[in-house]
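These notes concern the structure reproduced below.
The values are calculated or read from the model by the stated rules, or taken from the named source; none is laboratory data. These numbers come from a predicted model, not from an experiment. Backbone-built Cβ (ideal geometry, glycine too); neighbour counts: all protein chains shown. With ligands, DNA and RNA removed, areas are computed over all heavy atoms of the protein, side chains included. Shrake-Rupley method; radii C 1.70, N 1.55, O 1.52, S 1.80 Å.
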Amino acid sequence: MEGPPQLPPELWVYVFSYLSTEEKHTVRSCCRYLKKLIDHPSLWKDYTLVMSELRRYTYGFWHTLNYRKLTRVAVRHLRRKEWRRLVKFLPSLTAIVFVDGGRQYKEKYMDNLARFPNLRYLGVRNATWDEALLGRSLMDHLRERLTHLSVCNVRLPSTVEFIQTVSQLDNLRYLLFHQQSEGYGLDTVRPVPCSDFHTMMLKLKKLNHLSWGMKGEPPEPLPDDYLSPPDPDQPGVSSYGGPALTSLELVDYPETILPENALKSLISLRSLAIRYRYIREGIECRLRSWLSPLRQLESLTIIGTTFSAYLSSVFL
């Protein structure tokens, strides 16, 4: 049987860069030569591996991940004893996402993150914490390092306490926070109090992207300046003091909750996404007034149901 054409290795790697993950694994099984080429780190630079039950993986598997210089993983149902395997075999991880459900976690569970010196991205999905998600000792390690934080569908003992902790992440550039609820047995969630949200925005000076979600509907509309914290250095003057956001995503915020001038101070926005769970018939469209001050906006995404009439009122 003839082997593959005699081409320079870098040319093979370039060709393989156009393959899907499934296709790469198919080519990898052909011969040792192609196997080595397929495992070249440049082909797996932005790849995120989903892992579960770490005890079942062999030393050969871990060796392959190290050869590929894999830096991003999503782990399911990671047990405390399995942390040692992750730290031992993938100590250079820069991004870790926890995907779980049906379990309650304590603060010390996350302290293992301090053992990854290159960690920059942290994501948490579908989990319940009966203590603080980010403890004080862990924050000492992440305060200067973490640039991306994504928390979605997570039940926390105190949302306000969590937001106060996030405010200490000095180099945070990307924040996604979609609330679930506090404690147990609550069907609705109120938005983060305005004062705590403002404090967070004033401290996160490097924040570029914000994805802010809410479940349930507040009893009254949010204040006019909810998304526009005033500059504390200019008291009495209507001056924005928050970060220069370039991307904003609002999730499950009913139309009537945000005032007409809700985005007036976010003039640096280039991308805006609004994801409605529903749009009520007969409501007054406020999108036109939201967009009015956004002169640099390049991308607008609206997701919802039965809103053709709603959109037509914006552009007519």
Checklist entry - Cβ-Cβ below 6 Å, separation at least six or inter-chain, first residue in the stretch 209-237 and under 15 Å from Leu248 (Cβ atoms) and open to solvent by less than 60 Å² (accessible area, probe 1.4 Å), second assigned to a loop (DSSP other than H, G, I, E, B) and modelled with pLDDT of 85 or more: which pairs? => result Leu210/Leu245; Leu227/Ala262; Ser228/Ser265; Pro229/Gly241; Pro229/Gly242
Checklist entry - Got at least one residue in the stretch 252-260 being in contact with a His (Cβ under 9 Å, 6 or more places away or on another chain) and at pLDDT 85 or above? => result no
Next on the checklist: Taking the conditions exactly as written (among the aliphatic types (A, V, I, L, M), open to solvent by 10 Å² or more (accessible area, probe 1.4 Å) and either in contact (Cβ under 8 Å) with a residue 24 or more places away in the chain or assigned to a strand (DSSP E or B) (or both)), does Val87 satisfy them or not?
Outcome noted: yes
Checklist entry - Of the residues in the stretch 26-78, how many are loosely packed, with under 12 Cβ neighbours inside 10 Å and basic (Lys, Arg)? => result 3
Item to check | Selection within the stretch 115-134 - surrounded by fewer than 17 Cβ atoms within 10 Å (Cβ to Cβ) and in contact with an Asp or Glu (Cβ under 8 Å, 6 or more places away or on another chain) | outcome: Asn126, Glu131
Next on the checklist: Considering only the stretch 301-314, I want to know if a residue exists there that is at pLDDT 85 or above and under 25 Å from the mean Cα position of the chain (by Cα).
Outcome noted: yes
Item to check | Positions within the stretch 153-196 being modelled with pLDDT under 90, open to solvent by 10 Å² or more (accessible area, probe 1.4 Å) and part of a strand (DSSP E or B), in sequence order | outcome: Asn153, Arg155, His178, Gln179, Gln180, Glu182
Checklist outcome for this item: The condition from (1) at pLDDT 85 or above; (2) assigned to a loop (DSSP other than H, G, I, E, B); (3) not acidic (Asp, Glu) that Lys24 misses is numbered (2)
